[in-house]
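To keep things clear, I will list the structure first and then write my remarks on it.
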Amino acid sequence: MELDASRGTDIAIVGATGKTGRAVAAALDGVAVVRRLSRSAPDYAVDLETGEGLVEALTGCRGVYFIAPNVHPDEPALLLRALEAAAAAGVDHVVYHSVAWPYSPRMPHHMDKARCEEELRAFGSERGLHWTILQPCAYAQNFEAVLTGSSSLVVPYSLDTKFSFVSLEDVAEVATRILVEGGDIHHGATYELGGPEILSVRDVVRLVETMTGRAVSINSVGVDEWMSVHEPELSPDAQQRLSAMFEYYNDRDFLASCTVTATLLGRSPTPIRALVL
Ligand SMILES: NC(=O)c1ccc[n+]([C@@H]2O[C@H](COP(=O)([O-])OP(=O)(O)OC[C@H]3O[C@@H](n4cnc5c(N)ncnc54)[C@H](OP(=O)(O)O)[C@@H]3O)[C@@H](O)[C@H]2O)c1
C-alpha cells in the first residue's frame, strides 16, 4: 500500500495510546508518517475536553483517525471539537471509529456513536470535509488474556450470547487501507466490520481448551457483582453505560457481517483460533 505523497503524508490518530489506537498506529507505521495524539502521547499531547493542542497537532495532516475514549459521557462534544480543529488545520479526510449497531437505544454509549455519525455527516456536508465511518463489532482481543494463557474468565452477562468477534488487528489493517487510499475513494462510506464466526464466550473458551489442552474456568456473574469489583476505577456515568451494555448482552446477541471486512482486507478475516496461543 502506498500513500499519494502529493496530498501530504502525515496521518493523525486521536486516542493513539489506547488499546485501539496502538493497534491502528502499529498497522500504519511504515506506510505513513503517523502522529500519535492523546493526553499522554509524548509527541502530540492534546486534550479533547478542552481542544488544547489539537489544531497544532493536526496541521499538515491529510487524514485523521478519531477514536473516542471508552464510554465517555459526551462523545459527540469530543468529536465536534476534533472536527473543528481538523477543519482549521486543513485536514482532508476524517475516519470515525464507531461501533456496529450504533442505533441501540438500550445502550447510551452506542447511541452517542449514532449521534457522532450524524454530526460527522452534517459537518462533512457543511464544511467540505471528506469522511468515512468504521463500525467494528466486539474485538476478539477483549478476551486476549484467555486466548493467550489465562485459566479463568468472569463476564457479567450470559455465556451463551453470540458475537461476531472481529480481530482488532484486522480492524487496524482496514483502517490503514481507508486512511492511505483517503477521502477520494472512501468519502461517505460506512463500513460494518464483523469477524468470520458467530461465537459465544462459552464457544471461545471451549475452542481454547480444545486447542491448548488448558482447562479454563468460566463464570457469568450479575452486573451488580461485577460492578462491586470494578466500581473504584469507573465514574458513575461509566458504570451506568457499562451496566446497560452488559444487560443488553445478557439477552441479545451482538452480530455483524464479515463480508465488508473481507472485501476491505482483500483476504479472509482472522478466525479466533488464529489468536489462540
Ligand atoms: N472494545 C471493543 O470491542 C470495541 C468495539 C468497537 C468499538 N470500540 C470503541 O473503541 C473506542 C476506543 O476503545 P479503547 O478500548 O481503545 O479505549 P482506551 O484504551 O481507553 O483508549 C482511549 C484513548 O483515548 C485517549 N483519551 C482519553 N481521554 C482523552 C482526552 N480527554 N483527550 C485526548 N485523548 C484522550 C487515551 O489516552 P490518554 O488517557 O493518554 O489521553 C487513549 O489513547 C471506544 O470508543 C469504544 O467504544 C470498542
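The values are calculated or read from the model by the stated rules, or taken from the named source; none is laboratory data. Predicted model only: the values in this text are computed from it and were never measured. Here the Cβ positions follow ideal geometry from the backbone for every residue, glycine too, while neighbour counts run over all protein chains shown.
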**Report entry** Output for the range 38-69, where each listed residue is closer than 22 Å to D112 by Cα, in contact (Cβ under 8 Å) with a residue 12 or more places away in the chain and touching a Leu at 6+ places or on another chain (Cβ under 9 Å)
**Finding:** S38, V46, L48, E49, L54, V64, Y65, F66, A68, P69
Query raised in the report: Somewhere in the range 15-25, is a residue part of a helix (DSSP H, G or I), hydrophobic (A, V, I, L, M, F, W, C) and exposed (fewer than 15 other Cβ atoms within 10 Å of the Cβ)?
Result: no
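Listed residues T50, T59; which is over 25 Å from S235 (Cβ atoms) and in contact with a helix residue (DSSP H, G or I) (Cβ under 9 Å, 6 or more places away or on another chain)?
Working: T50 fails: over 25 Å from S235 (Cβ atoms).
It is T59.
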Report task. Among residues belonging to the range 33-51 that are in contact with a Gly (Cβ under 8 Å, 6 or more places away or on another chain) and not aromatic (F, W, Y), point out the one that is nearest to L79 (Cα to Cα). Result -> D47
Report task. Could you tell me whether any residue of the range 216-239 is in contact (Cβ under 8 Å) with a residue 60 or more places away in the chain, under 29 Å from Y65 (Cα atoms), crowded, with 16+ Cβ neighbours inside 10 Å and out of contact with any helix residue (DSSP H, G or I) (no Cβ under 8 Å at 6 or more places or on another chain)? Result -> yes
**Report entry** Residue selected from the range 35-66 under the condition more than 6 Å from the ligand (Cβ to nearest atom) and within 16 Å of the chain's Cα centre (by Cα), by the criterion farthest from L179 (Cα to Cα)
**Finding:** L37
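Somewhere in the range 93-103, is a residue assigned to a helix (DSSP H, G or I), without any contact (Cβ under 8 Å) to a residue 40 or more places away in the chain and either more than 10 Å from the ligand (Cβ to nearest atom) or surrounded by fewer than 16 Cβ atoms within 10 Å (Cβ to Cβ) (or both)?
Residues of the range 93-103 assigned to a helix (DSSP H, G or I): none.
The answer is no, given that none of the residues of the range 93-103 is assigned to a helix (DSSP H, G or I), without any contact (Cβ under 8 Å) to a residue 40 or more places away in the chain and either more than 10 Å from the ligand (Cβ to nearest atom) or surrounded by fewer than 16 Cβ atoms within 10 Å (Cβ to Cβ) (or both).
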Report summary line: A86 fails exactly one of (1) more than 21 Å from V31 (Cβ to Cβ); (2) in a helix (DSSP H, G or I); (3) touching a residue at least 40 places away in the same chain (Cβ under 8 Å); (4) away from the ligand (no atom under 11 Å from the Cβ), namely (1)
Requested in this report: May I ask you to verify whether A32 is within 11 Å of the ligand (Cβ to nearest atom) and either closer than 27 Å to A238 by Cβ or not β-branched (V, I, T) (or both)?
Outcome: no
Query - Subset of the range 105-147 that is more than 12 Å from the ligand (Cβ to nearest atom) and either closer than 30 Å to M211 by Cβ or polar (S, T, N, Q) (or both) - its residue that is farthest from the chain's Cα centre (by Cα) - result: S125
Report summary line: Of those in the range 60-81 that are assigned to a helix (DSSP H, G or I) and among the hydrophobic types (A, V, I, L, M, F, W, C), the residue surrounded by the most Cβ atoms within 10 Å (Cβ to Cβ) is L79
Report task. Could you tell me whether any residue of the range 68-80 is modelled with pLDDT of 95 or more, on the phi > 0 side of the Ramachandran plot and within 12 Å of the ligand (Cβ to nearest atom)? Result -> yes
